[in-house]
1. Before we move on, is Leu25 in a helix (DSSP H, G or I) and either under 30 Å from Glu135 (Cα atoms) or among the basic types (Lys, Arg) (or both)?
2. Determine whether the stretch 166-175 contains at least one residue that is surrounded by fewer than 18 Cβ atoms within 10 Å (Cβ to Cβ) and at pLDDT 90 or above.
3. Out of Ala409, Ala474, I need the residue that is surrounded by fewer than 22 Cβ atoms within 10 Å (Cβ to Cβ), small (Gly, Ala, Ser), assigned to a helix (DSSP H, G or I) and modelled with pLDDT of 70 or more. Which one?
4. Could you please let me know if Ser233 is closer than 28 Å to Gly424 by Cβ, polar (S, T, N, Q), in contact with a Ser or Thr (Cβ under 7 Å, 6 or more places away or on another chain) and in contact (Cβ under 8 Å) with a residue 12 or more places away in the chain?
5. For the stretch 313-368, give me each residue that is closer than 16 Å to Asn412 by Cα and of a type in the set (S, T, N, Q).
6. Show the residue pairs that are 6+ apart or on different chains and have beta-carbon atoms under 6 Å apart, the first residue being within the stretch 172-183 and in a helix (DSSP H, G or I), the second being among the polar types (S, T, N, Q).
7. Please enumerate the residues belonging to the stretch 416-455 that are farther than 15 Å from Val283 by Cα and at pLDDT 85 or above.
8. Could you list all residues from the stretch 13-37 that are surrounded by 14 or more Cβ atoms within 10 Å (Cβ to Cβ), free of Cβ contacts under 8 Å to residues at least 12 places away in the same chain and farther than 23 Å from Leu126 by Cα?
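The values are calculated or read from the model by the stated rules, or taken from the named source; none is laboratory data. Just so you know, these numbers come straight off a predicted model, no measurement behind them. Here the Cβ positions follow ideal geometry from the backbone for every residue, glycine too, while neighbour counts run over all protein chains shown. The area values use the complete protein model at the heavy-atom level, side chains included, leaving out ligands, DNA and RNA. Shrake-Rupley method; radii C 1.70, N 1.55, O 1.52, S 1.80 Å.
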Amino acid sequence: MNDELLAWVLLAPLLGGLVAIGLWLASRRKGASPQSTFWLDATALVSICAGLMVGPVLVLLAGAGAGLSLWEVDFTLTPVAQVVLPVSHAALLAAVFFAWDDDEENPAHGIHPIWLAGAAMGTAILIAGALLVEERTVRVLLLFGMALVASGVAIIRTRGSSGGSEQARKLAGGLKHLALASVATALLVAGATLLDRYSLSLERRALLQLGLSLLSVGLLVRAGAMPFAAPFSDTMRAAPGVAILIMGAAVPATLGVGLLMLTPVEGSVVSASQTAWVAAVGVLLAGVRAVGISDFGFVPKAVSDLEKRQRAVEVGLPVLGAMSVAAQVGWAMFGVLSGSRIGATGAVLLAANIAIAFPLLIVSIQKEGNLKSEIRNPKSEIGIMAGAASLLGLPPFGGFIGTLMVAQAAANVSGIWLGALLLGTLFVGMAWAWAGIGMNAKQNRGSEVGQGENTDPSRRRWGTAPLLIIVLIAVQLGLFLVSGQIADTLGNWAGAPWMLAP
């Protein structure tokens, strides 16, 4: 029975996506009435949601240790997959709802819902395969497939952008992400190959060391730790829906897959920790980049320059959000590479937090930066504060417990690297404190905002963003409450080498 459940984890997103695409095409046929188009679109959305929700439910029902063999490829359900897969699917759901809303409110982003929905379904299948398959090389190729899907959608939809700058940012973000994913894939394949060769000749310890080093660096590049977070800010500004696929779903999946690729290796507890310092440096670099955003730090409260303040909200916030994600990725990667039980557990909790906090942050930023909406939007401001606080590891949000665990693991490795982690996070927090200056610009927009307001009710059919912000904040608080149970589940994972270390 468990084998059948795992099979449907892979098939459910595919079926849901195919049904949704068929319904969407039917709604666009000639002669279709507006009412039938609306209901067909709504049914397509339900089909997509069902496809993305079935997988996590079946993963929880199957239980850790369930196995499946398809086409001579073995799939196994681990506690890491039981945590990361549901939250990744939650991020994909947020991307779908955001696309349906964003297409109505800001067509300049150029991502029609059905494009992003299809990409979300493809990403869901690839995430499930990467977390369940046992072969390292297959996992690496599935991770690269996620990058192809996200970059492809971003690049293809450049023709729907409103201007040259939007097209350039969208194209740059897609190409940068694809290029870095290609480099990471080469490193990961090389590292996995060396580890496989070491298993055939255990006396060649140099192969183990080199393989683990290549694997560690490849994971840092693929996850997007600084300085490998170049595509983040471009994609957040020009294609926020695609950014949720990249950072909300693919990044947590990459962190989970990285831990799964390291755990079966004899000696990885000692050897992998030698590269953990790179992740700490990445957090520090993210902090330095965050405080370097002059859109916030050099805009005094007394300035009434609308254009300068608007730039602070629409340009500075995405860059700051990208650096916040890069900083937490650095924390999680330090936990993955620390070679300790508490560090690995904290890394999984941080991966889960990124999957929830990033969609909350980007939906709130886009709602806040939309000059066609109301002058002040308390829900978006609260969403930004909650998302930022969670990525900074503050209580009572989902990133708090994981941050504490990784901090303890860093203290066990070296106080220097713990200091680098904390200093980088402090810099990011200072940048968010300055960001409040730019966000206050909405108080002074006055009648200039109302002139461009879109009052056409046909462009406001969905309006899911405020509800999505509320739901994501609730999920954040729920993640904080269940962090202890998740840690206990991971602690009972027998047979993992990092369980041998405290």
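1. Here the answer is no, as Leu25 does not meet what is asked.
2. No - not one qualifying residue is present in the stretch 166-175.
3. Ala474
4. When the stated conditions are applied, Ser233 does not pass them.
5. Of the residues in the stretch 313-368, the ones closer than 16 Å to Asn412 by Cα are 331-347.
Ser338, Ser340, Thr345 - these are the residues of the stretch 313-368 that are closer than 16 Å to Asn412 by Cα and of a type in the set (S, T, N, Q).
6. Partner pairs satisfying both residue conditions: Gly173/Thr235; Gly174/Ser151; His177/Ser151; Leu178/Ser151.
7. Trp432
8. Within the stretch 13-37, just Thr37 meets the criteria.
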